[in-house]
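Report on the following structure.
The values are calculated or read from the model by the stated rules, or taken from the named source; none is laboratory data. On a predicted model such as this, the values are computed, not experimentally measured, just so you know. Don't worry about glycine lacking a Cβ; one is built from the backbone with ideal geometry, like all the others, and counts go over all protein chains shown. Only protein heavy atoms, including side chains, enter the accessible area calculation; ligands, DNA and RNA are left aside. Shrake-Rupley method; radii C 1.70, N 1.55, O 1.52, S 1.80 Å.
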Amino acid sequence: MPQHVRGVIAPGRDEPVRIETIVVPDPGPGEAVVRIQACGVCHTDLHYKQGGINDDFPFLLGHEAAGTVESVGEGVTDVAPGDYVILNWRAVCGQCRACRRGRPWYCFATHNAEQRMTLLDGTELSPALGIGAFAEKTLVAAGQCTKVDPAVAPEIAGLLGCGVMAGIGAAINTGNVSRGDTVAVIGCGGVGDAAIVGSRLAGAAKIIAVDVDERKLAKAKEMGATDTVDSRATDPVEAIRELTGGFGADVVIEAVGRPETYRQAFYARDLAGTVVLVGVPTPEMRLELPLLDVFGRGGSLKSSWYGDCLPSRDFPMLIDLHRQGRIDLGAFVTETIALDEVEKAFARMHEGDVLRSVVVL
C-alpha cells in the first residue's frame, strides 16, 4: 500500500524549497523502499534547485544518504528488510559494454527505480540523482542500496553516498595518487577536502590545498594538506610550481568545476602529470586551451565520475578505514539539521559557512 511521507521538493528554478507530502509506492520488481535516517546537503542538490542539471521540475531533493531497508520488491536478493545501507546513485547494470569488460565503475546503463514517487495530486517527482532522500522514506532501485556496518552513525556513513566518495575516489581511483606523489587540490569544500584525505591515505608526500577562503584553507590543513595557497592573494599556478621545485604537481584535482580553475589545474601539473576534474560544471560553461599545449604537456586529462567508485567494493572499505581510525569521516559533518532547515543550509553552503550540513530524521 502506498505510503505518505514528508519530503523536500524544489518546485521550480531558483524557487525556495518546501516540505510536501510525498506518495511512495510499494516496491516493484528490483526496487526497495528505504527509511532514511540521515542525508547530507550536497552542492549537487543546489544545482538541481537552480536548474543547473535539467528542467525536470519538481525535484525531490537529497541523495547523500544512509538508512534502513523497509521492504523490497520481487526478485531482490542482495538486500533485505532491516539491512543498514548507504544509497548510491550509480547502480551498475552488469550487462553494458563497460561492465562486460570488467570496468563496472564506468557502467553506461546505471538504473533507478521504474516507478515514480508523486505529490498528493499525482504530480510526478524527479528524484535527485535517482534517489530523492530529503524524505522520511524513498523508493530506489535495489542496486542503489549498499550494505555497510551498522556501527557507524548514519549522519557519517551517508556522506559516502556522494561528496566524500567523489573526492576520495578522485584521488585514489581516478588520479591514481601513489606514494611520494605531489598533489594539488583546487577547491576545498567537501569534495576537495575528501580528495585531500584520499591523497594522504594513498601516501602523497606533498598535498597543496588551493582556495579563496581562509576558513576552508584552515580546514584543509586539518584534513591533511601540507601546504595552502590563497588564490586571491597569489597566482596558484606559480605557487604550486614553487612548492614542487618548479615542476608542478604530479596530480592536480579540480574540485570547483569552472573553466578558470580548470585552466589553473592544467598549467599547475608537471609534464606528463594528471588533471582530474571532479567539480561539476554547468551546461553553459566552455573551455578553451591551446591544442599545442595539450599535446606538448602530455599526461592525462580525466573526469572523475563519482570518484570512479564501485559502491559494493568502496563503501564497506571506507567504513572499515573509518572504524580503524585511519580516516575520520565525522570531520566532514559541520552540523546536523532538521528536514525543514534545508533552505537555510543551502544559504550557509553558498556562504562557505559549512563543510557539510546533514539532515537527521
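Counting every pair of alpha carbons in region 299-361, the share spaced more than 18 Å apart comes to 59 percent.
Can you tally the net charge around residue 106? Count Lys and Arg as +1, Asp and Glu as -1, for every other residue whose Cβ sits under 10 Å from the Cβ of residue 106. Taking every Cβ under 10 Å from that of residue 106, the sum is +3.
Computing FRET efficiency as 1/(1 + (r/R0)^6) for residue 242 and residue 106, where r is the C-beta to C-beta distance and R0 is 41 Å, gives about 0.65.
Solvent exposure of region 157-274, expressed per residue, is 34 Å² of accessible area, with all protein chains present and a 1.4 angstrom probe.
Per-residue packing, averaged as other Cβ atoms within 10 Å, sorts the ranges 282-290, 321-329 into the order 321-329, 282-290, beginning with the highest. I need the fraction of alpha carbon pairs in region 1-146 separated by more than 23 Å, rounded to a whole percent. It works out to 32 percent of all Cα pairs.
Beta-bridge orientation, the chain: approximately 55 percent antiparallel, per DSSP, counting only bridges with both partners inside.
Evaluate the relative contact order of the chain (contact order divided by residue number), counting alpha-carbon pairs under 8 angstrom at least 6 apart; express in whole percent. Taking the mean separation of contacting Cα pairs over the length of the chain, I get 17 percent. Multiplying the residue separation of residue 93 and residue 70 by 0.36 nm and subtracting their alpha-carbon distance yields 6.0 nm. Measuring nothing but how far apart in sequence close Cα pairs (under 8 Å, 6+ apart) lie, relative to its length, region 269-361 scores a relative contact order of 24 percent.
The fraction of all Cα pairs in region 246-361 landing in successive 10 Å bins from 0 to the largest distance is 12, 27, 33, 22, 6, 0, given as whole percents. The gain in end-to-end length when the residue 18 to residue 272 segment is fully stretched comes to 86.6 nm, 0.36 nm per residue minus the alpha carbon separation. Annotation: extensible slack from residue 347 through residue 323 equals 5.4 nm (criterion: 0.36 nm per residue apart, minus Cα-Cα distance). Under the convention that each Lys and Arg Cβ holds +1 and each Asp and Glu Cβ holds -1, the size of the dipole of region 228-344 around its Cα centre is about 360 debye.
Highest-first packing order for the peptide set 303-309, 183-189, 334-340, 222-228 is 183-189, 303-309, 222-228, 334-340, based on the mean count of other beta carbon atoms within 10 Å. Kirkwood-type hydrodynamic radius, region 65-111: 12.1 Å, calculated from all non-identical alpha-carbon pairs. The Cα-based radius of gyration and maximum Cα-Cα distance (Dmax) for region 1-68 are 12.9, 35 Å. Accessible area per residue for region 27-100 is 36 Å², calculated with a 1.4 Å probe on protein heavy atoms, without ligands, DNA or RNA.
With contacts taken as Cα pairs under 8 Å and at least 6 residues apart, region 153-222 reaches a relative contact order of 33 percent.
Inter-part distance, region 1-42 to region 326-342, computed on C-alpha centroids, equals 20 Å. Note on region 86-185: semi-axes of the ellipsoid equivalent to its C-alpha gyration tensor, largest first and rounded to whole Å, are 29, 19, 13. Kirkwood hydrodynamic radius of region 100-254, from the reciprocal of the average inverse Cα-Cα distance over all distinct pairs: 17.8 Å.
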